[in-house]
Structure formats: C-alpha cells, structure tokens
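Chemist: Structure incoming, see below.
The values are calculated or read from the model by the stated rules, or taken from the named source; none is laboratory data. Since this is a predicted model, take the numbers as computed values, not measurements. Neighbour counts are summed over all protein chains in view; Cβ atoms, including those assigned to glycine, are modelled from backbone coordinates with ideal geometry. We work out accessible area using only protein heavy atoms, side chains counted, and drop any ligands, DNA or RNA first. Shrake-Rupley method; radii C 1.70, N 1.55, O 1.52, S 1.80 Å.
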Amino acid sequence: MSSAIVVGSGPNGLSCAAILAKRGVEVTVIEAADRIGGGTRSSELTVPGLLHDECSATHPMAVTAPATLELELERYGLEWAWPEVDLAHPLDGGSGAAMLRSLEATAAGLGEGGARWRQIFGAPSKAYEPLTADIYHPLVHLPRHPLRLARFGLPAAAPATLLARALGTPEAAALFGGIAAHAYARLDRPLSSSIGMALTCAGHANGWPVAKGGSAAIAEAFARVIREHGGRIETGRRVRSLDELPAADAVVLDLAPRGVLELAGDRLPPRVARAYRRYKHGPAAFKLDLAVEGGVPWTYEPARRAGTVHVGGSFAEVALAEREIGRGRMPERPFLLVAQQYLADPQRSKGDLHPVWTYAHVPSGYTGNATEAILDQVERFAPGFRDRIVATSTRTPAEIEAANPNFVGGDILNGANTPLQMLLRPRVAAVPYRTGAPGIFICSAATPPGAGAHGINGFNAAEAVLRSF
C-alpha cells in the first residue's frame, strides 16, 4: 500500500488527502492549527449563536469541482443552499445590477446591456461543465475542448476594462467589474478578465451557493471521507522540517511557496528554489464581521435578497481602487465584498439578528484600520446601516497571516494575479504540482487554477501523486 503525508488542512490539502485515501493510499494529514479547514473555517465571531465564515463565503466553483463530484460530498453531510439573488452590485441613486443563476433573467435585468451580456457569457456558461476539463487545469496545456476554450479564452485574455466597455452600459460594466475584482489585480492588464469570466460562467451554471452550517462544513465533509477510508488527521502539530516526518512515498504540502522553502529548501533543485523565492504575493484583505439587527437596508432592493453584494460603485471606481492597492496605497473608497449567507442558510442567524461578512481590498501588509472606510462604503448604499450594528469583529492583514501563514501579508489568494504568474504559477513546469524533489508535491492555492475553497488544486495534485506511483 502506498503512503502519503499531507501537511496543511486547507480545502486543497483535505481534497488531496481525501482523493488519495479513496483511491487506496494510506494518508496522514498534519495541521498546525487546532482546527482543520484553513480558509474554510466558521466561528461565532460577534454574538453567541451567530455563525460567521472566517475566510471563504460563497462557492460557485465548488459545486461541480472534481473532488466534490468524485467523493460525493453530499453523502458526507455537505449541503448547498442558494439565495434568491446570487449577486448584486448597487450603484449611487438606488440603481444597480444583479446576477441570477438564470442567464436570461440576468440579461433581462440589464436593459440595453443584456444582449451583450448574453453574447459574451452565454455560450461558455452553457458549456461550463465540459469547459472545466480545461479551465480547472494549468492555463498552459493541450486543450481537451479547443473550440469551447477559445470562446471562453478570448474574452478572458482581455483586460477587464475592455470587456466592461464592450458590455455597453454602466450597470453591466459595474456588475462584471465587481466579479473581475475578485482577482485582486489591476483591471487594465491582460488576463484581468479571466477570473471574472470563470466566476460569471460558474455562477450561471451553478449559482453562487453557500455551505449549510458554514464553510467549515466543506472541510468536515472532506475529513469524513479521509477517516472513512482509513486516513488520519492530526491537529495542533506544526511541522518545521520534512526531517520530522515519518517515511512516506509522497509528501504533499498545502503551503505557500515560502512555506515549501522553509520545510524542503535543501531538497529542492536550485532552479525550483529560486522560482519559489521569486513568487509574488498580492494585496491583502481587511475583514470586518458584523451582527446586524434586521439585515442591511440596501437602497437597491435586489441587494436585500442577494447572497453576495459587491460594494464599490461604478466600474471606474472599482478599477481605481484596485489600481491603488496594487501601488501600495489605501483607497479612500475601497472595494468591498459583502456576504449575507444567512439569506440562504437561516440557521446562521439568531432571530432578527444576522451575521454579515465583509472584507475590503487593502494594500499588502496594511497596518491601518479600515473599519470606518468599510462602514462608510456600506452606508453609502444602505443609509441607516450603522444604526443597526450590534457587534463587530475585525481581522487585520497581520492577524489573517498569523491565523494562516499561507496568507502572506494578508494575501488570502496565496499569490498575486499578475499576467505572468496567472499563466505560470508557482513556476514554469509541465506539472506545477511537482516540486522537482522526488516524492515532494505542492497543492496550495499557489498552484493552478488558483484561489478558492473548491479543492481543485488538491485534486490535481492528488492525480500527480498517483501518476508518480
């Protein structure tokens, strides 16, 4: 029987371990923290009884991720829940734009911009399932569906500013801009549309659901698979060197490249070590969780029913904020992600007191307090919001990194989405999950296809491990 040790229990480490265990490998997962999950932890952060996700919140790509499907995670307690409106983007004056799972309903709500929305996103959204065979893997590969990938890839390769302009209306442009801003990158550079394209198409194919009982339910489902197939999970054990580990046929590291260097630096080929040292991290998150009486009083009515709300104003404002944080400057009006998971999963609330999850995009290593900037931005589109706040909990970039060392400088994406790094992360390699050292692999969000609580990177790494056996 082959054996593997997985260091780190984020969604990719757990996904990798669960796939290996199911396919007959003897697996041990080792986690430094007292709880598994990494970016998929949930806690009562503000008021007892209110459940907040600590990092990841909504999961458009996780529903049909290969590990989710192969492992049948619903059999292990994972349930998805969808809000009435998947995504809303309010604008000044009470207007805005909303994305629903239905492409046609979304287009109908965008007025004159609806036809262009349908034209750009229609075909790749309908073909999303076969497209995943390509977009869930490294960008540089032999396509399995070249024509479909081209229909997706041509707009994805464009700067988001160009795609927003092609959509034709301020509402449609702002809606796409907020989605594209998930990349934490300048929106005027090549490939800055790619993450927006993927999330938009996933949203029309799968919706933007939440995990019932919090994102921690994703980690727990993976853990049940691992244990059912004889695997072990150890928590509260920090690995400082690979020499501490028992012998195994494979060691898989759910770590940022910096963490891989710390554990395995002397075993890596010099060219790989140099590449990992050059790996770039991006801007940070400043997280603010709130307990809100009666929910957020958004002026744009669909936002009151939306699981996710992007707060940043027009496309131009969002692009400016992303450009500023890329230059290391805190914008006066930062771009915010706001999640209202309780609308799909009411058990997270306590009566009429609701958990509201939000974070602002801020510069890497930001040491200020973004609380007032966040509250000002929400109040701008939801007058009276401040009066409804009962309790708050903040987490600075430094605290985010302390809780999860993979998030260097508060970078919750585990890597800057520069054009070159999006193409070749974490280094130039035919199989980026291999570290170049025999039996040592990397599976974190620093590998393709990038960040997200979907476990796709871990699945791909598990496949690489199995091929090596």
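Chemist: For region 6-66, calculate the relative contact order in percent as a whole number, restricting contacts to Cα pairs under 8 Å that are 6 or more residues apart.
Modeler: 28
Chemist: Would you work out the relative contact order for the chain, in percent, from Cα pairs under 8 angstrom that are 6 or more residues apart?
Modeler: The value is 26 percent.
Chemist: May I ask you to list the lysines whose Cα is less than 16 Å away from that of Lys350, ignoring any residue fewer than eight positions away on the same chain?
Modeler: Filter leaves Lys212.
Chemist: Continuing with the same structure: Over the chain, what lengths in whole Å, largest first, do the semi-axes of the equivalent ellipsoid take, defined as the square roots of 5 times the eigenvalues of the alpha-carbon gyration tensor?
Modeler: They are 34, 25, 21 Å, listed from largest to smallest.
Chemist: Next up: For Glu262 and Ala398 in one chain, what is 0.36 nm times their gap in residues minus the Cα-Cα distance, to one decimal in nm?
Modeler: Additional length available on full extension: 47.0 nm.
Chemist: As a test question: what accessible area, to the nearest 10 Å², does Lys280 have when a 1.4 Å probe is rolled over all protein chains in place?
Modeler: Counting only protein heavy atoms, Lys280 exposes about 120 Å² to solvent.
Chemist: Carbon-plus-sulfur fraction of the accessible area of region 277-381, 1.4 Å probe, in percent?
Modeler: Answer for region 277-381: carbon and sulfur cover 48 percent of the accessible area.
Chemist: Counting DSSP beta bridges with both partners in the chain, what percentage is antiparallel, nearest 5?
Modeler: The antiparallel fraction comes to roughly 65 percent.
Chemist: Tell me whether region 67-208 comes out rounded, prolate or oblate; compute the Cα gyration tensor, take square roots of the eigenvalues as a ≥ b ≥ c, and use a/c under 1.5 as the rounded threshold.
Modeler: oblate
Chemist: While we're looking at this one, here's another question. Can you tell me what the convex hull of the Cα atoms of region 257-351 projects to on average, as an area in nm²?
Modeler: For region 257-351, the mean projected area of the Cα convex hull comes to 10.0 nm².
Chemist: When all protein chains stay in place, what accessible area (Å², nearest 10, 1.4 Å probe) is found for Leu375?
Modeler: 20
Chemist: Okay, next question. Tell me, what does the Kirkwood hydrodynamic radius of region 156-245 come to in angstroms if you use every pair of distinct C-alpha atoms?
Modeler: Hydrodynamic radius (Kirkwood, Cα pairs) of region 156-245 is 16.4 Å.
Chemist: Next up: Would you mind counting up the charge near Ala247? Only other residues with Cβ under 15 Å from its Cβ, with Lys and Arg at +1 and Asp and Glu at -1.
Modeler: That works out to -3.
Chemist: Let me ask something else. What order do you get for 160-167, 177-184 when each peptide is scored by the mean count of other beta carbon atoms within 10 Å, highest first?
Modeler: Top of the packing list down: 177-184, 160-167.
Chemist: What share of all Cα pairs of region 1-70, in percent, falls into each consecutive 5 Å distance bin?
Modeler: Binned Cα distances yield the sequence 3, 15, 20, 20, 18, 13, 7, 3, 1, 0.
Chemist: Mind checking the per residue accessible area of the chain for me, 1.4 Å probe, whole number of Å²?
Modeler: For the chain, the per-residue accessible area is 37 Å².
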